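A.B. asks: One structure follows; several queries about it will come next.
The values are calculated or read from the model by the stated rules, or taken from the named source; none is laboratory data. Because the structure is predicted, anything quoted here is derived from the model rather than measured. FYI the Cβ positions are ideal-geometry reconstructions off the backbone, even for glycines, and counts take in every protein chain you see.
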Amino acid sequence: MGTDDRNITSEVEAVLDEHVRPYLATHSGDMKVLGVEGGVVFFQLTGRCAGCAAANQTSEDLINRELIEHVPGIKKAVLANGISPELLEQTLALLREHPSF
């Protein structure tokens, strides 16, 4: 992860702490950022939000909106629940090779 990705990750975490995690906490949930690559935030929902039927809608409606609005350079957030670390690393490697995705 380059310096720019680390700086963006810090911004992402700050926005999540202020705008997203308080909402998730009302549902006994939270989220974990797995990585940021090429403007894409990969995350998992945790607690009661993990595996929730509304997880995709939460991702699209809340997390994407807040991150895109508050963090310059973020294009989207991708829910990575159930993805192994190896598969996530392969995905990140592909994004590095093909930044136009």
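A.B. asks: Would you mind listing the helices (runs of 4 or more DSSP H) fully within the chain where at least 2 residues are surrounded by 12 or more Cβ atoms within 10 Å (Cβ to Cβ) and modelled with pLDDT of 80 or more?
C.D. replies: 3-15, 21-25, 64-70, 85-97
A.B. asks: While we're looking at this one, here's another question. Which ones in segment 12-55 are within 12 Å of the chain's Cα centre (by Cα) and among the aliphatic types (A, V, I, L, M)?
C.D. replies: Once the filter is applied, which keeps residues that are within 12 Å of the chain's Cα centre (by Cα) and among the aliphatic types (A, V, I, L, M), segment 12-55 yields V12, V15, L16, V20, M31, V33, L34, V36, V40, V41, L45.
A.B. asks: Take segment 30-50 and flag every residue that is within 20 Å of A93 (Cβ to Cβ) and free of Cβ contacts under 8 Å to residues at least 40 places away in the same chain.
C.D. replies: Residues satisfying the conditions are V33, V36, G39, V41, F43, Q44.
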